[in-house]
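A short write-up of the structure that comes next.
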Ligand SMILES: [Mg+2]
(Lines give C-alpha, C1' and ligand atoms only; values in the text may rest on other atoms or scores of the structure.)
Protein backbone atom coordinates (compact mmCIF):
# COMPACT_ATOMS: atom_id res chain seq x y z
CA UNK A 1 0.00 0.00 0.00
CA UNK A 2 1.59 3.22 -1.10
CA UNK A 3 0.11 5.39 1.61
CA UNK A 4 0.24 4.36 5.21
CA UNK A 5 -2.06 5.91 7.72
CA UNK A 6 0.11 6.09 10.81
CA UNK A 7 -1.93 7.29 13.77
CA UNK A 8 -5.32 7.78 12.26
CA UNK A 9 -6.19 4.21 11.42
CA UNK A 10 -9.76 2.98 11.68
CA UNK A 11 -12.82 5.09 11.25
CA UNK A 12 -12.56 8.84 10.89
CA UNK A 13 -13.17 10.76 14.10
CA UNK A 14 -16.79 11.86 14.48
CA UNK A 15 -17.55 15.26 13.03
CA UNK A 16 -18.39 18.44 14.89
CA UNK A 17 -20.99 18.48 17.60
CA UNK A 18 -21.15 18.30 21.33
CA UNK A 19 -22.70 14.83 21.49
CA UNK A 20 -19.47 13.00 20.85
CA UNK A 21 -17.17 15.30 22.76
CA UNK A 22 -17.37 13.29 25.98
CA UNK A 23 -15.68 10.42 24.23
CA UNK A 24 -12.68 12.36 23.05
CA UNK A 25 -9.43 11.66 24.70
CA UNK A 26 -7.66 14.81 25.88
CA UNK A 27 -4.73 13.73 23.75
CA UNK A 28 -6.80 13.42 20.61
CA UNK A 29 -4.84 15.13 17.81
CA UNK A 30 -7.85 17.21 16.72
CA UNK A 31 -8.36 18.74 20.13
CA UNK A 32 -6.73 21.90 21.37
CA UNK A 33 -7.33 22.03 25.11
CA UNK A 34 -7.09 25.26 27.12
CA UNK A 35 -8.00 23.66 30.42
CA UNK A 36 -9.71 20.54 31.76
CA UNK A 37 -13.13 21.94 30.88
CA UNK A 38 -12.50 24.07 27.83
CA UNK A 39 -11.24 23.00 24.43
CA UNK A 40 -11.39 23.77 20.74
CA UNK A 41 -12.06 21.02 18.30
CA UNK A 42 -12.18 21.84 14.63
CA UNK A 43 -14.38 24.93 14.45
CA UNK A 44 -16.10 24.65 17.81
CA UNK A 45 -15.27 25.82 21.30
CA UNK A 46 -16.66 23.51 23.97
CA UNK A 47 -17.02 24.30 27.64
CA UNK A 48 -17.78 21.29 29.80
CA UNK A 49 -18.19 20.24 33.40
CA UNK A 50 -16.61 16.92 34.11
CA UNK A 51 -17.59 14.53 31.37
CA UNK A 52 -20.45 16.57 29.98
CA UNK A 53 -20.26 19.26 27.39
CA UNK A 54 -22.49 22.08 28.52
CA UNK A 55 -21.90 24.60 25.80
CA UNK A 56 -20.54 24.44 22.28
CA UNK A 57 -19.94 27.57 20.26
CA UNK A 58 -19.26 27.54 16.56
CA UNK A 59 -16.12 29.57 15.87
CA UNK A 60 -15.97 31.71 12.79
CA UNK A 61 -14.24 29.75 10.07
CA UNK A 62 -12.74 31.12 6.89
CA UNK A 63 -15.89 30.11 5.03
CA UNK A 64 -15.64 27.39 2.43
CA UNK A 65 -13.11 24.62 2.85
CA UNK A 66 -9.96 25.20 0.82
CA UNK A 67 -10.01 23.44 -2.53
CA UNK A 68 -7.11 21.19 -3.40
CA UNK A 69 -6.53 19.72 -6.82
CA UNK A 70 -5.36 16.12 -6.67
CA UNK A 71 -4.18 14.93 -10.08
CA UNK A 72 -3.48 11.23 -10.15
CA UNK A 73 -4.08 8.65 -12.86
CA UNK A 74 -4.29 5.62 -10.60
CA UNK A 75 -7.92 5.14 -9.46
CA UNK A 76 -6.89 3.60 -6.13
CA UNK A 77 -4.68 6.58 -5.29
CA UNK A 78 -7.39 8.93 -6.51
CA UNK A 79 -9.90 7.66 -4.02
CA UNK A 80 -7.33 7.62 -1.22
CA UNK A 81 -6.42 11.22 -1.92
CA UNK A 82 -10.06 12.18 -1.98
CA UNK A 83 -10.73 10.46 1.33
CA UNK A 84 -7.71 11.99 3.06
CA UNK A 85 -8.22 15.51 1.77
CA UNK A 86 -11.88 15.45 2.75
CA UNK A 87 -11.05 14.13 6.17
CA UNK A 88 -8.53 16.93 6.70
CA UNK A 89 -11.11 19.54 5.89
CA UNK A 90 -10.18 20.27 2.28
CA UNK A 91 -12.45 20.10 -0.70
CA UNK A 92 -10.85 17.62 -3.08
CA UNK A 93 -10.96 18.34 -6.80
CA UNK A 94 -9.83 15.19 -8.59
CA UNK A 95 -8.25 15.09 -12.02
CA UNK A 96 -7.65 11.69 -13.63
CA UNK A 97 -4.92 12.75 -16.01
CA UNK A 98 -2.69 15.64 -16.91
CA UNK A 99 -5.05 17.16 -19.43
CA UNK A 100 -7.89 17.31 -16.91
CA UNK A 101 -5.54 18.77 -14.30
CA UNK A 102 -4.42 21.50 -16.67
CA UNK A 103 -8.01 22.34 -17.55
CA UNK A 104 -8.83 22.77 -13.84
CA UNK A 105 -5.74 24.88 -13.15
CA UNK A 106 -6.36 27.05 -16.17
CA UNK A 107 -9.88 27.92 -15.06
CA UNK A 108 -10.87 31.23 -13.53
CA UNK A 109 -11.15 30.09 -9.90
CA UNK A 110 -8.57 27.31 -9.94
CA UNK A 111 -7.67 25.68 -6.60
CA UNK A 112 -4.57 27.36 -5.18
CA UNK A 113 -3.11 24.18 -3.82
CA UNK A 114 -2.31 21.33 -6.19
CA UNK A 115 -0.97 17.82 -5.65
CA UNK A 116 0.26 16.57 -9.02
CA UNK A 117 1.44 13.12 -9.86
CA UNK A 118 4.59 13.28 -11.96
CA UNK A 119 3.74 10.49 -14.39
CA UNK A 120 0.30 10.90 -15.89
CA UNK A 121 -1.18 10.33 -19.31
CA UNK A 122 -1.97 13.45 -21.31
CA UNK A 123 0.45 15.82 -19.67
CA UNK A 124 2.88 15.03 -16.90
CA UNK A 125 3.12 16.91 -13.62
CA UNK A 126 6.35 18.66 -14.58
CA UNK A 127 4.88 19.99 -17.81
CA UNK A 128 1.87 21.31 -15.89
CA UNK A 129 4.24 23.07 -13.45
CA UNK A 130 6.08 24.64 -16.33
CA UNK A 131 2.91 25.90 -17.96
CA UNK A 132 1.52 27.35 -14.74
CA UNK A 133 4.72 29.20 -13.96
CA UNK A 134 5.13 30.57 -17.46
CA UNK A 135 1.57 31.91 -17.30
CA UNK A 136 2.82 33.82 -14.24
CA UNK A 137 -0.65 34.16 -12.89
CA UNK A 138 -2.01 35.55 -9.71
CA UNK A 139 -2.98 34.29 -7.23
CA UNK A 140 -0.06 31.93 -6.91
CA UNK A 141 -0.70 28.18 -7.17
CA UNK A 142 1.31 26.09 -4.73
CA UNK A 143 2.34 22.79 -6.31
CA UNK A 144 3.31 19.62 -4.55
CA UNK A 145 4.73 17.03 -6.94
CA UNK A 146 4.34 13.31 -6.29
CA UNK A 147 7.13 11.15 -7.64
CA UNK A 148 7.87 7.47 -7.66
CA UNK A 149 11.26 6.48 -6.24
CA UNK A 150 12.57 5.81 -9.71
CA UNK A 151 11.90 9.37 -10.75
CA UNK A 152 13.43 10.96 -7.70
CA UNK A 153 16.82 11.52 -9.30
CA UNK A 154 15.06 13.87 -11.72
CA UNK A 155 13.67 15.98 -8.92
CA UNK A 156 15.85 18.92 -9.87
CA UNK A 157 13.94 19.01 -13.14
CA UNK A 158 10.63 19.10 -11.26
CA UNK A 159 11.71 21.88 -8.95
CA UNK A 160 13.21 23.82 -11.86
CA UNK A 161 9.90 23.52 -13.68
CA UNK A 162 8.29 25.37 -10.78
CA UNK A 163 7.15 22.78 -8.23
CA UNK A 164 7.23 24.12 -4.66
CA UNK A 165 7.71 20.81 -2.92
CA UNK A 166 7.66 17.10 -3.62
CA UNK A 167 6.85 13.83 -1.95
CA UNK A 168 8.27 10.50 -2.98
CA UNK A 169 5.80 7.65 -3.20
CA UNK A 170 5.12 5.70 -1.09
CA UNK A 171 4.67 8.30 1.61
CA UNK A 172 2.66 8.40 4.76
CA UNK A 173 -0.55 10.34 5.15
CA UNK A 174 0.79 12.51 7.96
CA UNK A 175 3.61 13.69 5.83
CA UNK A 176 1.26 14.74 3.05
CA UNK A 177 -0.92 16.51 5.59
CA UNK A 178 2.03 18.44 7.01
CA UNK A 179 3.29 19.40 3.56
CA UNK A 180 -0.17 20.68 2.62
CA UNK A 181 -0.13 22.74 5.81
CA UNK A 182 3.19 24.25 4.85
CA UNK A 183 1.81 25.07 1.41
CA UNK A 184 -1.20 26.74 2.95
CA UNK A 185 1.03 28.87 5.11
CA UNK A 186 2.97 30.02 2.06
CA UNK A 187 -0.28 30.88 0.30
CA UNK A 188 -1.50 32.82 3.35
CA UNK A 189 1.74 34.77 3.44
CA UNK A 190 1.49 35.47 -0.24
CA UNK A 191 -2.05 36.74 0.23
CA UNK A 192 -0.87 39.11 2.96
CA UNK A 193 1.86 40.31 0.67
CA UNK A 194 -0.63 40.99 -2.10
CA UNK A 195 -2.84 42.87 0.34
CA UNK A 196 0.11 44.94 1.51
CA UNK A 197 1.06 45.71 -2.08
CA UNK A 198 -2.53 46.68 -2.84
CA UNK A 199 -2.61 48.92 0.25
CA UNK A 200 0.61 50.63 -0.88
CA UNK A 201 -0.76 51.14 -4.34
CA UNK A 202 -3.93 52.59 -2.86
CA UNK A 203 -1.83 54.91 -0.69
CA UNK A 204 0.25 56.08 -3.62
CA UNK A 205 -2.70 56.82 -5.89
CA UNK A 206 -5.36 58.11 -3.51
CA UNK A 207 -5.82 61.12 -1.32
CA UNK A 208 -5.56 60.14 2.33
CA UNK A 209 -8.27 62.48 3.59
CA UNK A 210 -11.04 62.01 1.03
CA UNK A 211 -10.17 58.65 -0.51
CA UNK A 212 -10.47 60.21 -3.98
CA UNK A 213 -7.71 59.87 -6.58
CA UNK A 214 -4.81 62.18 -5.76
CA UNK A 215 -3.61 64.98 -8.01
CA UNK A 216 -0.97 62.93 -9.84
CA UNK A 217 -3.35 60.07 -10.52
CA UNK A 218 -6.30 62.17 -11.70
CA UNK A 219 -3.96 63.97 -14.13
CA UNK A 220 -2.66 60.63 -15.40
CA UNK A 221 -6.27 59.52 -15.77
CA UNK A 222 -7.02 62.64 -17.78
CA UNK A 223 -3.97 62.00 -19.97
CA UNK A 224 -5.17 58.43 -20.65
CA UNK A 225 -8.68 59.60 -21.47
CA UNK A 226 -7.36 62.26 -23.83
CA UNK A 227 -5.27 59.72 -25.75
CA UNK A 228 -8.20 57.38 -25.96
CA UNK A 229 -10.49 60.21 -27.10
CA UNK A 230 -8.00 61.31 -29.76
CA UNK A 231 -7.98 57.77 -31.18
CA UNK A 232 -11.75 57.38 -31.05
CA UNK A 233 -12.58 60.95 -32.07
CA UNK A 234 -14.75 61.47 -28.98
CA UNK A 235 -14.76 64.43 -26.60
CA UNK A 236 -13.50 64.59 -23.03
CA UNK A 237 -14.68 67.13 -20.50
CA UNK A 238 -13.25 68.19 -17.18
CA UNK A 239 -14.87 69.95 -14.27
CA UNK A 240 -12.79 71.99 -11.90
CA UNK A 241 -14.78 72.21 -8.70
CA UNK A 242 -13.98 74.52 -5.84
CA UNK A 243 -15.80 74.79 -2.52
CA UNK A 244 -16.92 78.38 -1.97
CA UNK A 245 -15.45 80.32 0.94
CA UNK A 246 -13.90 77.20 2.37
CA UNK A 247 -11.37 79.24 4.30
CA UNK A 248 -14.12 80.73 6.43
CA UNK A 249 -15.32 77.22 7.38
CA UNK A 250 -11.80 76.40 8.51
CA UNK A 251 -11.51 79.71 10.36
CA UNK A 252 -14.85 79.61 12.14
CA UNK A 253 -15.35 75.88 12.74
CA UNK A 254 -11.75 74.67 12.92
CA UNK A 255 -9.66 72.43 10.71
CA UNK A 256 -11.27 69.18 11.84
CA UNK A 257 -14.61 70.52 10.70
CA UNK A 258 -12.95 71.64 7.48
CA UNK A 259 -11.68 68.10 6.93
CA UNK A 260 -15.16 66.69 7.56
CA UNK A 261 -16.57 69.09 4.95
CA UNK A 262 -13.93 68.00 2.42
CA UNK A 263 -14.73 64.33 3.04
CA UNK A 264 -18.46 64.90 2.69
CA UNK A 265 -18.01 67.02 -0.44
CA UNK A 266 -15.85 64.25 -1.93
CA UNK A 267 -18.51 61.67 -1.08
CA UNK A 268 -21.23 63.75 -2.72
CA UNK A 269 -19.20 64.40 -5.86
CA UNK A 270 -18.37 60.74 -6.13
CA UNK A 271 -21.98 59.66 -5.79
CA UNK A 272 -23.12 62.25 -8.34
CA UNK A 273 -20.51 61.00 -10.83
CA UNK A 274 -21.27 58.43 -13.50
CA UNK A 275 -19.58 55.05 -13.20
CA UNK A 276 -16.89 55.84 -15.79
CA UNK A 277 -16.13 59.35 -14.52
CA UNK A 278 -13.06 59.89 -12.36
CA UNK A 279 -13.03 62.21 -9.40
CA UNK A 280 -9.80 63.43 -7.85
CA UNK A 281 -8.65 65.89 -5.23
CA UNK A 282 -6.70 68.47 -7.16
CA UNK A 283 -5.64 70.72 -4.33
CA UNK A 284 -6.89 71.93 -0.92
CA UNK A 285 -10.61 72.32 -1.61
CA UNK A 286 -10.39 71.82 -5.36
CA UNK A 287 -11.64 68.70 -7.08
CA UNK A 288 -11.08 67.65 -10.66
CA UNK A 289 -13.65 65.49 -12.41
CA UNK A 290 -12.85 63.79 -15.72
CA UNK A 291 -15.86 63.00 -17.91
CA UNK A 292 -14.96 60.74 -20.85
CA UNK A 293 -17.29 60.90 -23.83
CA UNK A 294 -19.01 64.09 -22.62
CA UNK A 295 -19.35 67.07 -24.93
CA UNK A 296 -19.75 70.58 -23.55
CA UNK A 297 -23.51 70.45 -23.04
CA UNK A 298 -23.41 66.99 -21.40
CA UNK A 299 -20.61 68.26 -19.17
CA UNK A 300 -22.57 71.38 -18.25
CA UNK A 301 -25.50 69.18 -17.18
CA UNK A 302 -23.21 66.94 -15.17
CA UNK A 303 -21.58 69.98 -13.56
CA UNK A 304 -24.99 71.31 -12.60
CA UNK A 305 -25.79 67.94 -11.00
CA UNK A 306 -22.60 68.13 -8.97
CA UNK A 307 -23.21 71.70 -7.93
CA UNK A 308 -26.63 70.61 -6.70
CA UNK A 309 -25.13 67.58 -4.92
CA UNK A 310 -22.92 69.91 -2.87
CA UNK A 311 -25.14 72.94 -2.37
CA UNK A 312 -28.61 71.35 -2.49
CA UNK A 313 -28.60 69.91 1.03
CA UNK A 314 -26.82 71.45 4.03
CA UNK A 315 -23.84 69.55 5.43
CA UNK A 316 -24.17 68.36 9.02
CA UNK A 317 -21.29 69.30 11.32
CA UNK A 318 -21.75 67.88 14.82
CA UNK A 319 -25.49 67.74 14.00
CA UNK A 320 -25.43 71.44 13.03
CA UNK A 321 -26.51 72.13 9.45
CA UNK A 322 -24.04 74.27 7.54
CA UNK A 323 -24.45 75.53 4.03
CA UNK A 324 -21.64 74.64 1.64
CA UNK A 325 -21.67 75.57 -2.03
CA UNK A 326 -19.35 74.93 -4.94
CA UNK A 327 -18.37 76.75 -8.13
CA UNK A 328 -17.51 74.75 -11.20
CA UNK A 329 -15.57 75.48 -14.35
CA UNK A 330 -16.15 73.27 -17.39
CA UNK A 331 -13.78 72.64 -20.30
CA UNK A 332 -14.14 70.23 -23.20
CA UNK A 333 -11.91 69.05 -26.03
CA UNK A 334 -11.06 66.16 -28.27
CA UNK A 335 -7.36 66.96 -28.89
CA UNK A 336 -5.51 68.71 -26.16
CA UNK A 337 -2.89 68.37 -23.47
CA UNK A 338 -4.13 67.76 -19.93
CA UNK A 339 -2.43 70.98 -18.80
CA UNK A 340 -4.22 73.13 -21.39
CA UNK A 341 -7.57 71.56 -20.63
CA UNK A 342 -7.17 72.03 -16.88
CA UNK A 343 -6.13 75.64 -17.49
CA UNK A 344 -9.35 76.26 -19.43
CA UNK A 345 -11.43 74.67 -16.69
CA UNK A 346 -9.56 76.80 -14.17
CA UNK A 347 -10.31 79.96 -16.15
CA UNK A 348 -13.98 79.01 -16.28
CA UNK A 349 -13.93 78.37 -12.53
CA UNK A 350 -12.40 81.79 -11.97
CA UNK A 351 -15.23 83.28 -14.00
CA UNK A 352 -17.81 81.38 -11.90
CA UNK A 353 -16.28 82.84 -8.75
CA UNK A 354 -16.30 86.31 -10.26
CA UNK A 355 -19.97 85.98 -11.19
CA UNK A 356 -20.93 85.35 -7.56
CA UNK A 357 -20.06 81.67 -6.82
CA UNK A 358 -22.36 78.64 -6.48
CA UNK A 359 -22.65 78.32 -10.24
CA UNK A 360 -21.34 76.53 -13.33
CA UNK A 361 -19.44 78.32 -16.09
CA UNK A 362 -18.50 76.58 -19.33
CA UNK A 363 -15.32 77.83 -21.00
CA UNK A 364 -16.10 79.68 -24.22
CA UNK A 365 -13.78 77.41 -26.22
CA UNK A 366 -15.60 74.26 -25.05
CA UNK A 367 -18.35 74.41 -27.66
CA UNK A 368 -16.04 75.10 -30.58
CA UNK A 369 -13.65 72.31 -29.48
CA UNK A 370 -16.57 69.93 -29.24
CA UNK A 371 -17.68 70.92 -32.72
CA UNK A 372 -14.19 70.17 -34.03
CA UNK A 373 -14.41 66.65 -32.69
CA UNK A 374 -17.47 65.82 -34.77
CA UNK A 375 -16.35 65.02 -38.30
MG1 LIG B 1 0.98 8.19 -12.32
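At a glance:
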{"quantity": "Test: residue 294 is in contact with a strand residue (DSSP E or B) (Cβ under 7 Å, 6 or more places away or on another chain) and part of a loop (DSSP other than H, G, I, E, B)", "calculated": "yes"}
{"quantity": "Conditions (1) more than 14 Å from the ligand (Cβ to nearest atom); (2) touching a residue at least 24 places away in the same chain (Cβ under 8 Å); (3) under 21 Å from residue 77 (Cα atoms): number failed by residue 181", "calculated": "(2)"}
{"quantity": "Every residue from the range 265-285 that is crowded, with 17+ Cβ neighbours inside 10 Å and in contact with a helix residue (DSSP H, G or I) (Cβ under 9 Å, 6 or more places away or on another chain)", "calculated": "265, 268, 269, 272, 273, 277, 278, 279, 280, 281, 282, 285"}
{"quantity": "Search result, residues across the range 128-167 that are in contact with a helix residue (DSSP H, G or I) (Cβ under 7 Å, 6 or more places away or on another chain), within 13 Å of the ligand (Cβ to nearest atom) and either over 25 Å from residue 188 (Cβ atoms) or not assigned by TED's automatic domain parsing to the domain that holds residue 99 (or both)", "calculated": "147"}
{"quantity": "Residue in the range 74-90 that is assigned to a strand (DSSP E or B) and either within 30 Å of the chain's Cα centre (by Cα) or outside the structural domain of residue 169 (by TED's automatic domain parsing) (or both) present", "calculated": "no"}
{"quantity": "Count - residues of the range 298-317 that are more than 34 Å from the chain's Cα centre (by Cα), more than 21 Å from residue 212 (Cβ to Cβ) and in contact (Cβ under 8 Å) with a residue 40 or more places away in the chain", "calculated": "1"}
{"quantity": "Set 101, 110, 114: member being touching a residue at least 24 places away in the same chain (Cβ under 8 Å), closer than 19 Å to residue 79 by Cβ and away from the ligand (no atom under 13 Å from the Cβ)", "calculated": "114"}
{"quantity": "Out of 305, 274, sole residue that is in the same structural domain as residue 249 (by TED's automatic domain parsing) and in a loop (DSSP other than H, G, I, E, B)", "calculated": "274"}
{"quantity": "Residue check for residue 170: more than 14 Å from the ligand (Cβ to nearest atom) and at negative phi", "calculated": "no"}
{"quantity": "Yes/no for residue 269 being in a strand (DSSP E or B) and touching a residue at least 40 places away in the same chain (Cβ under 8 Å)", "calculated": "no"}
{"quantity": "Test: residue in the range 192-209 that is outside the structural domain of residue 352 (by TED's automatic domain parsing) and touching a residue at least 60 places away in the same chain (Cβ under 8 Å)", "calculated": "yes"}
{"quantity": "Single condition residue 364 does not satisfy, out of (1) modelled with pLDDT of 95 or more; (2) surrounded by fewer than 21 Cβ atoms within 10 Å (Cβ to Cβ)", "calculated": "(1)"}
{"quantity": "Test: residue in the range 316-334 that is in the same structural domain as residue 269 (by TED's automatic domain parsing), in a helix (DSSP H, G or I), within 29 Å of residue 228 (Cα to Cα) and in contact with a strand residue (DSSP E or B) (Cβ under 7 Å, 6 or more places away or on another chain)", "calculated": "no"}
{"quantity": "Meets criteria (out of contact with any strand residue (DSSP E or B) (no Cβ under 7 Å at 6 or more places or on another chain) and modelled with pLDDT of 95 or more) for residue 136", "calculated": "no"}
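The rows are residues; the columns are (1) touching a helix residue (DSSP H, G or I) at 6+ places or on another chain (Cβ under 6 Å); (2) surrounded by fewer than 18 Cβ atoms within 10 Å (Cβ to Cβ); (3) over 19 Å from residue 327 (Cα atoms).
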site: 225; (1), (2), (3): no, no, yes
site: 229; (1), (2), (3): no, no, yes
site: 239; (1), (2), (3): yes, no, no
site: 244; (1), (2), (3): no, no, no
site: 251; (1), (2), (3): no, yes, yes
site: 263; (1), (2), (3): no, yes, no
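The values are calculated or read from the model by the stated rules, or taken from the named source; none is laboratory data. The shown structure was predicted, so the numbers you read here are calculated from the model rather than taken from an experiment. Here the Cβ is made from the backbone with ideal geometry for all residues, glycine too, and neighbour counts use every protein chain on show.
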